[in-house]
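Working notes, structure below.
The values are calculated or read from the model by the stated rules, or taken from the named source; none is laboratory data. Please read these numbers as outputs of a predicted model, since none were measured by experiment. For neighbour counting, all protein chains shown are included, and Cβ atoms are generated from backbone atoms with ideal geometry for every residue, glycine included. Surface areas here come from the heavy atoms of the whole protein model, side chains and all, with no ligands, DNA or RNA. Shrake-Rupley method; radii C 1.70, N 1.55, O 1.52, S 1.80 Å.
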Amino acid sequence: MGVAFDEMKGHDGTAVRPAYGELDRWLKEVPPDVLDYRRREAELIFRRIGITFAVYGEADATERLIPFDVIPRIMSADEWRRLEKGLTQRVNALNLFIKDVYGARDILRAGIVPEDMIFRNPAFRPEMNGQTVPHDIYVHIAGIDIIRVDADTFYVLEDNARTPSGVSYMLENREIMMRLFPELFSRHRIAPVENYPDELLATLRSVAPLSTAKEPNVVLLTPGVYNSAYYEHSFLADKLGVELVEGRDLFVKDEVVYMRTTQGPQRVDVIYRRVDDDFIDPLAFRPDSILGVPGLMSAYTAGNVTLANAVGTGIADDKAIYSFMPDIVKFYLGEEPLLKNVPTWRCREPEHLSYVLDHLPELVVKEVHGSGGYGMLIGPSASKIAIEQFRAKLKTAPDNFIAQPTLALSTSPTCVEQGVAPRHVDLRPFVLTGRNGVRIVPGGLTRVALKEGSLVVNSSQGGGTKDTWVLDK
Amino acid sequence: MLSRTADNLFWLSRYVERAEYLARILDATQRLSALPLAYVGTGNEWESAVLTAGCASSFFKAYETATEENVTDFLAFSTANPSSIRNCFEMARGNARAVRTALTGEMWDAINGTWLELKRFGNGPSSREETSRFLRWVQESSLRFDGSAYRTMLRNDAYWFSRLGVYMERADNTARILDVKYHLLLPDNERVGGPLDYFQWAAILRSVSALTSYHWVYRESLKPWLVADLLILKEEMPRSLASCYEAIVRNLDAIATHYGRQGPSQRQARGIRTRLQNSKMDGIFQRGLHEFIGEFITENNRLGLAITEQFLQ
Amino acid sequence: MRIRIAHTTTYTYDAPPKLVTQVLRLTPRNHDGQYVVNWRIDLSRDCQLYQREGAFGNISHSFTAEGPFDELSVSVEGEIDTQDTSGIVRGAVERFPPALFLRDTQLTEADAAIIDFAEATRAKSGGDTLGLLHALMAGLNESFAFDTEPTNVTTTAAEAFKLKRGVCQDGTHVFIAAARHLGIPARYIGGHYCRRDEEGPQDAGHAWAEAYIDKLGWVGFDPTHGISPTESHVRVAVGLDYLGAAPVRGTRHGGGNESMKVSVHVAPASRQSQSQSQQ
């Protein structure tokens, strides 16, 4: 991998790119101790409002803060417009793909995606086969992870079509930046993100079951306080003005979903669910789940409630399916994909596997169904032992892995102990799809790998976040 | 409002109230046990504290005799005792966390701050002085939480359910003291007990923070039947059964009006309040103080179930 | 052969529940080997039954019964005409290509022991799939003892294989795990078996497996009896494992403990079973 593209200074590090002009001037004016003081202030605010997340495998640290970096990541209006078009195209294709996979199966007949990659995939839900969902929308909320490798090239790293999280950080980061750096804001014109909850609510309402007579009743279903994203769930419920429910608050009677209230049962029309498919209905999926609602799938297949996202959308964000996305876009939309895919080797294919085994030290190998940066190998930074251990895993179950080249994620100026230095970043914009089409608030969650040289931006692996600014020109 | 939210608010208040009550019991017992035996008799004050806290059976499974040390530890810090002060605050905070968006920032700060500070006391104070400080801190924490609820919550069903929790718990606590100490309050006790019981009466009043109020209400020296009258029938005394039921009925009525529907809990609460209003101490003593209290506890529990059934599940 | 089936599940509650929700897969469909002459479902409580086709083409019913009640019973009753097709299933409702039935589930995951058993059986048998599957079935039928005690509905194939004991469900799971390991699509069948040797009620339905063989299609294998299904087998539901074909999946809200009693009468229709279910 070569020298990473820097969002502020480009490839060669000499000229400041136009979008970062003001920031560069400001960074030169502001004394370092002021920056540091604001950084600590930001941390205090985060701690006070209680934005925390749980880290798996850390017994004593069940509530921790995700580090917040006070230097924003900036995109020009042009860059954003291109990204927006590409994201819209991608999510439209995802929805068409899921509808097809659970319906006509045209793409399988056309031989574009191999049949067994769908049917043998645990994320494919036989229960959804032949079902229709309101307005044919499956992925109402998508989080598409984008990385940038040079001035013109954005890659999609991952499609998150199940229950993408992180949007609360997008909103809170902006809020905090406006409080801490009013003078920096006054020197820019930045597209707002604070209308995201309104857009989300409008999206959710627009996909209510066709039979809903009056104003649809929308709720947010959380696994509960012990879930790592619980803060986000309660934050969003609050901003949306909808009830934050757990499985035990809901019940199904005669194929209609109700919530238990102090005034008796109240009908529920749309469930923004942050509970995974496996746990959502013990009568249809895992029988030992106590997080779900018994009978929910009956109500769902009867068309009496909308689940957002739909059940079975995992088939579209599977990493092995990901490698087919350019073909999927072409197949359904007849267009060239606007956003590139990272070149991907599917280890299930023997010739790909042998390439991967020969080039492990250069590659990133990921579990097909994994997420959150767990269970992956980053060749260039892994020890010899780790590589050999991974090689064994890869050989026993090649189907479970894909491999990609180690990409030089772009860097962005970041406040670190030694001052301001470039650190690698990615971007997760949130794409909403409702009856009236796709909406994307300009921005998203920028994640930053705080360790020097590190390419892992996941919060569970020591990543932080930044506010993301889209300028109006 | 979600039933679970109402349930969390109700229990949040109950646990905070219970923690305060336990602190008061320990405080009063500490004072009693500091007196020479000649003033208070030979009864085991610490055993009586366990009884009034309502956890005798679990206590005696762990200990043979009640001493200052083990009772203080059991009621205040034990993780094994589900309703120790520590566990009450843990449970309160757990309930609060589950309904954070239904709380005001001040309430969350109060309960979360208490929970964070609790950790600083570690496994419990090492000296009597520290214990006193701890018990004062518990009472202050409860006051702060109660005050922040009172001053910052919207007056809607969330508020009413949280108040119901306070008064249901308070009524239960006052009744429990009366149940354990009733024999000290019988009218003929003055002759039998004389000065020996004076400090016991004072301790009872202290556990419900009514020692000063007593003098303001009766302008007399301590008389057992007046102590009973104050704790049972005086509506102006905030921890009396009558006062608790005045508040319970008021809050249940507010809910009923808001929802446009009466139910079993409203009817039951009004029934209990009416009986308290129509009672006189003479009559209660004639029928038997102990029986009266026993019936009250049963009815209070039944109302708790009715509230759960009607709103909280 | 005409088979008459009466299948009753009775739940008794020591404290009445508020709400009982169940999903039933109790209704057989037609294929070349069986024809449903008549069939009905009865619930002891008045409530709406909703019928739909489930994931694998099973007919499922769901209902919600509002309490309080002390007892709830679900009965199905009807007559089926069957004929022997040498275990080959044709004309059944198929919603997926066979590849789907290569998926592992929690209940049917092959552990090292099952893999050894599968590989050893393959090594011994010739190259042909049908022969291999028969060898698997025979091996299980020999080594596996029928025993209702040690296993329950959550027992996995690996656990049962270690015990070498279990009910028809367990043997079927092991068969499926082994077949899938060998790359042969296999699935779980819930149904009934008409025993001619004895009368009186049984306390459970029956279960066996089907495996997919190129050119032949789906073929049944009943490890419990060591045979391919005959005209004595009535096929009711298909799944990846027991959970997907379970006759009843339910939950209840409120109330205390529940006890369940199942009584299944399966008999040739000509001599209708008069026996009473025992208490």
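On the accessible surface of region C:88-243, probed at 1.4 Å, how many percent belong to carbon and sulfur atoms? Present the calculation step by step, with values, prior to reporting the outcome.
Values: 3190 of 6370 Å².
Exposed carbon and sulfur together represent 50 percent of the surface.
Could you work out [θ]222 nm for the protein assembly as shown from helices alone, using -39500 (n - 2.57) per DSSP H run of at least four and dividing by all its residues? Round to the nearest 500 deg cm²/dmol.
Values: 37 runs with 430 residues, N = 1065.
It comes out at -12500 deg cm²/dmol, rounded to the nearest 500.
Sequence gap at least 6, Cα distance under 8 Å: using those rules, report the relative contact order of chain A to the nearest whole percent. Walk me through the numbers on the way to the answer.
Working: 916 pairs, mean separation 110.7, N = 473.
It rounds to 23 percent for chain A.
Please state the shape class of region A:343-446: rounded when a/c is under 1.5, otherwise prolate if a/b exceeds b/c and oblate if not, all from the C-alpha gyration tensor.
On the way: a/c = 2.82, a/b = 1.36, b/c = 2.08.
Here region A:343-446 falls in the oblate category.
Using DSSP to define loop residues, name the GluC sites (Glu not before Pro) in region B:213-244 whose beta-carbon has at most 12 other beta-carbon atoms within 10 Å. Spell out each step's value before the answer.
Details: sites: B:E220, B:E235, B:E236; in loops: B:E220, B:E235, B:E236.
Here the GluC sites (Glu not before Pro) that fit, given the DSSP loop and packing criteria, are B:E220, B:E236.
What does the highest-first list of C:19-28, A:207-216 look like by mean Cβ count within 10 Å? Walk me through the numbers on the way to the answer.
Working: C:19-28: 22.5, A:207-216: 14.2.
My ranking of the peptides, most packed first, is C:19-28, A:207-216.
Calculate, for region C:1-74, the solvent-accessible area per residue in square angstrom, rolling a 1.4 angstrom probe over the heavy atoms of the protein chains. List each step's numbers first, then the result.
On the way: 3160 Å² over 74 residues.
Dividing the accessible area of region C:1-74 by its residue count gives 43 Å².
In Å², nearest 100, what accessible area do chains C and A bury in total when the solvent probe is 1.4 Å? Write down the numbers at each step before the final one.
Numbers: alone 13340 and 20630 Å², together 31790 Å².
Using a 1.4 Å probe on protein heavy atoms, the buried area is about 2200 Å².
Using a 10 Å cut-off on Cβ to Cβ distances, tally the other chain neighbours for every residue of B:1-9 and report the average as a whole number.
Details: counts 5, 12, 9, 10, 6, 3, 2, 0, 0.
For this peptide, the per-residue mean of nearby foreign Cβ atoms is 5.
Grab chain B and count how many Lys pairs have their alpha-carbon atoms under 24 Å apart, sequence gap of 8 or more, or different chains.
Working: B:K61/B:K181; B:K181/B:K223; B:K181/B:K234; B:K181/B:K280; B:K223/B:K234; B:K223/B:K280; B:K234/B:K280.
Final tally of qualifying lysine pairs is 7.
Compute for region B:1-155: radius of gyration divided by Kirkwood radius, i.e. Rg/Rh, restricted to C-alpha atoms, rounded to two decimals.
Details: Rg = 16.6 Å, Rh = 16.3 Å.
Checking Rg against Rh, the ratio lands at 1.02.
Which of the lysines could be linked to C:K124 by a straight reach, that is with a Cα gap under 29 Å, when you skip same-chain ones fewer than 8 residues away?
Within the straight-line cut-off, C:K124 pairs with A:K395, C:K162, C:K164, C:K215.
What does the C-alpha gyration tensor say about the overall shape of chain B? Classify as rounded when a/c is under 1.5, otherwise prolate if a/b is larger than b/c, or oblate. Write down the numbers at each step before the final one.
On the way: a/c = 1.92, a/b = 1.17, b/c = 1.64.
Oblate.
Which percent of the accessible heavy-atom area of region B:1-96 goes to carbon and sulfur, probe 1.4 angstrom?
Numbers: 1840 of 3550 Å².
Percent of accessible area from carbon and sulfur atoms in region B:1-96: 52.
Once Rh for region C:88-243 is found with the Kirkwood sum over Cα pairs, what is the Stokes-Einstein diffusion coefficient at 37 °C and 0.692 mPa s, in µm²/s? All intermediate terms of the calculation are to be shown ahead of the outcome.
Numbers: Rh = 15.4 Å.
Translational diffusion coefficient: 213 µm²/s.
Calculate, in whole percent, how much of the Cα-Cα pair population of region B:238-281 lies beyond 11 Å. Please report the intermediate quantities before stating the final value.
Details: 594 of 946 pairs.
Counting every Cα pair in region B:238-281, those more than 11 Å apart make up 63 percent.
Roughly how many debye, to the nearest 20, is the charge dipole of chain A about its Cα centre, given +1 on each Lys and Arg Cβ, -1 on each Asp and Glu Cβ, and no other charges? Please report the intermediate quantities before stating the final value.
Details: 54 positive and 65 negative charges, 56 e Å.
Here chain A has a charge dipole of around 260 debye.
Projected onto the charge dipole of region C:88-243 (+1 at Lys/Arg Cβ, -1 at Asp/Glu Cβ, origin at the Cα centre), which of C:A186, C:P150, C:L216 gives the Cα projection farthest towards the positive end?
Value computed over the given set: C:L216.
Just for the Cα atoms in region B:249-313, what are the lengths along the principal axes, largest first, rounded to whole Å?
Rounded to whole Å, the extents work out to 41, 21, 13 Å.
Using only the C-alpha atoms of the protein assembly as shown, find the volume of their convex hull and express it per residue in Å³.
Numbers: hull volume 229.0 nm³, N = 1065.
Dividing the Cα hull volume of the protein assembly as shown by its residue count gives 215 Å³.
So for region C:167-279, Kirkwood radius off the Cα pairs, Stokes-Einstein at 10 °C and 1.306 mPa s: how many µm² s⁻¹? Kindly include the intermediate steps, with their values, before the conclusion.
Values: Rh = 15.7 Å.
The diffusion coefficient I find is 101 µm²/s.
Rounded to the nearest 10 Å², what accessible area does B:H183 have for a 1.4 Å probe in the complete protein model?
90 Å²
Comparing the chain by itself with all protein chains present, which residues of region C:14-57 are at least 20 Å² less accessible (probe 1.4 Å)?
C:K18, C:L19, C:T21, C:V23, C:Y50, C:R52, C:A55
Over the Cα atoms of region B:75-136, what radius of gyration and what Dmax do you get, in Å?
For region B:75-136, the Cα radius of gyration and maximum Cα-Cα distance read 12.7, 39 Å.
Which angle from 0 to 90°, rounded to the nearest 10, does the C-alpha axis of helix C:168-181 make with the longest principal axis of chain C?
40 degrees
Which semi-axes, in whole Å and largest first, does the equivalent ellipsoid of chain C have when worked out from the alpha carbon gyration tensor as the square roots of 5 times its eigenvalues? Mind dumping the intermediate values first?
Details: eigenvalues 198, 90, 65 Å².
Semi-axis lengths for chain C are 31, 21, 18 Å.
Just to be sure I understand: if I project the alpha-carbon convex hull of region A:77-129 onto a plane and average over all orientations, what area do I get in nm²? Please report the intermediate quantities before stating the final value.
Numbers: hull surface 17.8 nm².
If I average the Cα hull's projected area over directions, I get 4.5 nm².
Once you've got the Cα coordinates, tell me which of A:K366/A:K393; A:K340/A:K451; A:K340/A:K466; A:K366/A:K451 are over 18 Å apart.
Numbers: A:K366/A:K393 11 Å; A:K340/A:K451 27 Å; A:K340/A:K466 24 Å; A:K366/A:K451 21 Å.
Over 18 Å apart, Cα to Cα: A:K340/A:K451; A:K340/A:K466; A:K366/A:K451.
Dipole of region C:88-243, Cα-centred, from +1 at each Lys and Arg C-beta and -1 at each Asp and Glu C-beta, to the nearest 20 debye?
Values: 14 positive and 21 negative charges, 94 e Å.
Here the size comes out at about 460 debye.
Going by a ≥ b ≥ c, the root eigenvalues of the Cα gyration tensor, does chain A fall in the rounded group (a/c under 1.5), the prolate group (a/b larger than b/c) or the oblate group? The partial results should precede the final answer.
Details: a/c = 1.62, a/b = 1.21, b/c = 1.34.
It is oblate, given that a/c is not under 1.5 and a/b is not larger than b/c.
Of the DSSP beta bridges with both residues in region C:88-243, give the percent that are antiparallel, rounding to the nearest 5.
On the way: 20 of 22 bridges.
The antiparallel fraction comes to roughly 90 percent.
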